[in-house]
Structure formats: C-alpha cells, structure tokens
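A short reminder: the numbers here are calculations on the coordinates, not readings from a lab. Computed from a prediction, not measured in an experiment: that's the story for all the values here. Cβ placement follows ideal geometry from the backbone for every residue including glycine, while neighbour counts extend to all protein chains displayed.
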2 protein chains.
Amino acid sequence: MSKPESTDGGQRTRRNRGSLSAQEIINGAFEVAEGISLDKLSMPELARHLGVGVTSIYWYFRKKEELLNAMTDVAVERFVRAMPPLTPGETWQRALRVHFAAQREFYGAHATMADLMLIRTSTYSRDATRRVFELEEALLAILIGQGFTPDNALHVYNAISVYTRGNIIHDRILRLSDTPTLDTRSRRLSDWRSMPILAALTAKYPLAGTSDEDYAFGVGRLLCGFEILLAEQPEAV
Amino acid sequence: MSKPESTDGGQRTRRNRGSLSAQEIINGAFEVAEGISLDKLSMPELARHLGVGVTSIYWYFRKKEELLNAMTDVAVERFVRAMPPLTPGETWQRALRVHFAAQREFYGAHATMADLMLIRTSTYSRDATRRVFELEEALLAILIGQGFTPDNALHVYNAISVYTRGNIIHDRILRLSDTPTLDTRSRRLSDWRSMPILAALTAKYPLAGTSDEDYAFGVGRLLCGFEILLAEQPEAV
DNA sequence: ACCTGAACACCGTTCAAGT
DNA sequence: ACCTGAACACCGTTCAAGT
C-alpha cells in the first residue's frame, strides 16, 4: 500500500482508474475457464489472473451470473460467426448436414462455449437470441422452400438439433467426469460371458456412442427418415 | 425412518452409536435433493436434515463425491427396475420405442435421477454398469435377431439413445435455468418481422424442441431411417 | 466403532471506505 | 467514477478428540 510496488513477492499495486474494463474481465474469464474449466472459474481466481482485487470485478458485474451471461453473449457471437453461410440453391440435406456438423465441430473445439451455451444455458441477451433465431429461420426457409410444410420443417430442425446437442453434451459430460476409457470400463466388468454381443462390440467401438462415426450414422438415419416424410407429404399446391 | 429429533431451538442431542447408517444418509440425500436440487445438496444441509453433525457423514463417506456415487448406484438400480420387460416376439421397432419412451418417462418423473445419471455421470459401480449393459445387450439381441448386423445394431442403439438423452438433458437444463417460457422468449425479441416463419411457428409450438410431440417425431424419423437401413442390408445368410 | 465441534481453506457477495 | 481490503455467510474437509 505504501509505495508503488514492483511485481515481486505477490504484492499488487493499486490499479489506476480506467485500467480495468468489462471486456478485459470477460477475456480474462475465458482464459481462466479454458485453462481450468468453466465450473472451476471462481471470482478470486479470476481476480488473481487479472491482477486486481476480487471486489473490483463486482463494480462491472454485480453477480457472477451477470459475468457468465456476458460471456455467453460473446460465445453466441463467435458461434454464429463460425457457422458456414448457406450457399444458394443447395439441397436441404446438405444444408442440415453442413450446419449441424459445423455446430458439433465448434463445440468440440471450444469446450468452454459448450459448457456456457449448452450445459449452463444461461439466459441469452435479446441480441444473441435474435442471431440464433436468424440462423434457424434461414434453415427453416430452405426446408420449406424445398417442400416441407412449416410444421414439419420445425420438427425436422428440432430433431436434428436435439440429436446433435445430445451428442455434444453427452460427449462433454463424459470428458468432464474422469474420462472412463474403454479399458477401465471393460475392466470394471468381471464377467462378459452373459453378454456376448457387447463383449464382441466392445473390442471394436468405444461404447459412448458419440464418435464421429456414430454422429454420421445418426444424422444419416435422420435425413433418411426426413426424406421419407417429405415423400409422404401431400404434394405442394 | 424414526426421526427422534426436536426441531426446536436448534439444539441437537448426541446420536447413539449405530443410529446412523450409509443407507439412511443416502435416503436423506435424496430427500434433500428432491426438495431443493442436486447441485444445491450440501453436506451441512444434509446433516441438518438428518439431525446429525456434519462430520458424522464423513465417517460413512469420505468425500461428497463418494456419497454421490452411492446415490448414483441406487438411481441405476431404480432405473433398471423401472424399465419394462421385453415381451418375447415383439418387433424391434416396438422394443426400441417402448424402452426409450420408458427411459424418458423415468427421467422426466425423477429429475434428481436425471441429474445424477445423465448430467453428472458419476462413475458407475461394477454392478450398476453390469445392469445397464445387460439391458443394452437384450435390446441388441432383438435387433440382431431380426436381421441387423451387430455393427448396425450398435449404431442404431447409440443413435436413439443419444437422441433420447439429448431430449431429456436439454429439457432438464432448460428447467434448471430459470425456465424461459415462450412468453419471455418472444417478448425478448423486439422485432419478428425479418423472421416470418419462426414468428408464425412460435405462436403454435414451444421452441425448445423437447416436447412429447417433438420426441415422438424424432423417434419416428429415426425408426424410419433404421427400417431403410435394414432393407438395404445384404440379406441374412 | 461411531459421533462430535473446532478449525481451515475456499467461495460469492456486501460494505464502508480510499483515491 | 473507479478500485480496495475487511468482513460475512456458506461450503467441503481434516483433526483431535469425546463416548
């Protein structure tokens, strides 16, 4: 306190007015979350990382939740930017495939974003909500433009969306708990004799069901089911 | 069951030796979790509920995580019991439909179980793992018995499993955060003009995509896709 | 062998200041 | 207007006992 201090010894000098900002806090929060994990992100830890007193953060965000919501907004922004544009004239199958594959890839590469947007589901701001809805609207337009009724288009979108999120979330949760590998899983069972089918498949596949291959299979079956639905619909006026 | 305790004054008499048990603690933990929510279940809160000192719990469970794992085991036990038996000779479509509908219903009715088994994914004991695998084995046997290759049977199982879990988890997460109803969602957008499709659908459906109707649709499309897959498979030897 | 409170490190948050 | 530490209530966990 007495003198402006050099950085040695764990002492921290008082920050000047205006030297901190909401943006800097948010950025720091992402750094900490990516270094540890979102649910281990704490206010003291973040303050240490930023080199400020804990309570300084509270001037910009009155609750931790407010900070998390601000982070979510940034996450949505990046998410929307990471989605590939819809190329005009492409088939609905390709549009769905590409969009949701990009979504899965984004969350796979950015675990913190998945934790923020999928597992925590903090409230989105109006702007973030709007951006996400615009994406959905564009996909629905493609589906309807190629023959789906609006109701079916929504159901199609929801089905593949829930499947994709299920894949991502389930995978993420497995990773957050202590990553039970196939080895530990199979070791856990003393006796595979009563389960010949799983015993054989276990050697070949991880059992989580969230691999790239699994995802491709699921999407393939869904698209197949959607095609039949489209064919069975009454013809367009 | 007998709770000999005075709720008055906050005073607590010393419990006799043997008056507490792992089972009683687990039961109490479920009661607290169901009363509040799993992630608000704390050791002090649980001790208060049981009328014991906090540290007494630590004689039976050396970490909170140990307690949660024990709870998970009980949950798996109840889950397996809640699954309907496979009636002999039933079609694979019906077997999948009934099994996963029961799964969804179970978690829908027992939020704490969903939090324990799906969101937290604490490590299962050998016995719990075995019980779950036996269920999966039985379903795979039905699929293979009616013509699916073992590989396809596993993929089919994984696809519908991930979709079902996605539906349950997404719904649960929405409920855990402050339940954004359709009203608040639509109110959040000042301007629906650029999104005519969603504007119209919003009036008709909740946008979460996890309703009974959504689930039935998704399962229907998956089963449809599975049927095509089965038809396209090389005929059985 | 079982149950206990005191005590510690950590967290989110409030408050009454300092500059 | 911005940044600060002291302080509080709460949590998970350890320890050195009591019975």
- Query: Taking only Cα atoms, what is the 0 to 90° angle, nearest 10, from helix A:150-176's long axis to the longest principal axis of chain A?
  - Reply: 50
- Taking each pair of different alpha-carbon atoms in chain B once, compute 1/r for the pair, average those values, and report the inverse of that mean as the Kirkwood hydrodynamic radius in Å to one decimal. 21.1
- trypsin sites (Lys or Arg not before Pro) within the range A:40-102, DSSP loop, no more than 16 other Cβ atoms inside 10 Å: A:R62, A:K63
- Message: For the protein assembly as shown, what does the helix formula give at 222 nm: sum of -39500 (n - 2.57) over DSSP H segments with n ≥ 4, over the residue count, nearest 500 deg cm²/dmol?
- Response: -20500 deg cm²/dmol
- Copy-to-copy label separations for A:G18, where each label sits 7 Å from Cα toward Cβ, in nm and ascending: 7.5
- Inter-copy separations for A:A102, label at 7 Å along Cα-Cβ, nm, ascending: 4.2
- Query: Roughly what angle does helix A:64-82 make with the longest principal axis of chain A, taking Cα atoms, 0 to 90 degrees, to the nearest 10?
  - Reply: 50
- Message: On C-alpha positions alone, give me the angle between the axis of helix B:22-35 and the longest principal axis of chain B, in degrees, nearest 10.
- Response: 70
- Is the shape of the protein assembly as shown rounded, prolate or oblate, going by the alpha carbon gyration tensor and its root eigenvalues a ≥ b ≥ c, with a/c under 1.5 for rounded and a/b larger than b/c for prolate? oblate
- Please label the shape of the range B:1-113 as rounded, prolate or oblate, based on the square roots a ≥ b ≥ c of the eigenvalues of the alpha-carbon gyration tensor (a/c under 1.5 means rounded; beyond that, a/b larger than b/c means prolate, else oblate). prolate
- Task: Could you work out how far apart the two model spin labels at A:E77 and B:A22 are, taking each label as a point 7 Å from the Cα in the direction of the beta carbon, and quote it in nm?
- Result: 5.1
- Message: Please compute the modelled spin-label separation between A:R193 and A:S211, points set 7 Å along Cα→Cβ, answer in nm with one decimal.
- Response: 2.9
- Once normalised by the length of chain B, the mean sequence separation of its alpha carbon contacts under 8 Å that are 6 or more apart gives a contact order in percent of 16
- Query: If R0 is 22 Å, what FRET efficiency do you get for B:A203 and A:E134 from their C-beta distance, rounded to 0.05?
  - Reply: 0.75
- Query: Between copies, how close do the A:Y60 label points come, placed 7 Å along Cα→Cβ, listed in nm from shortest?
  - Reply: 4.6
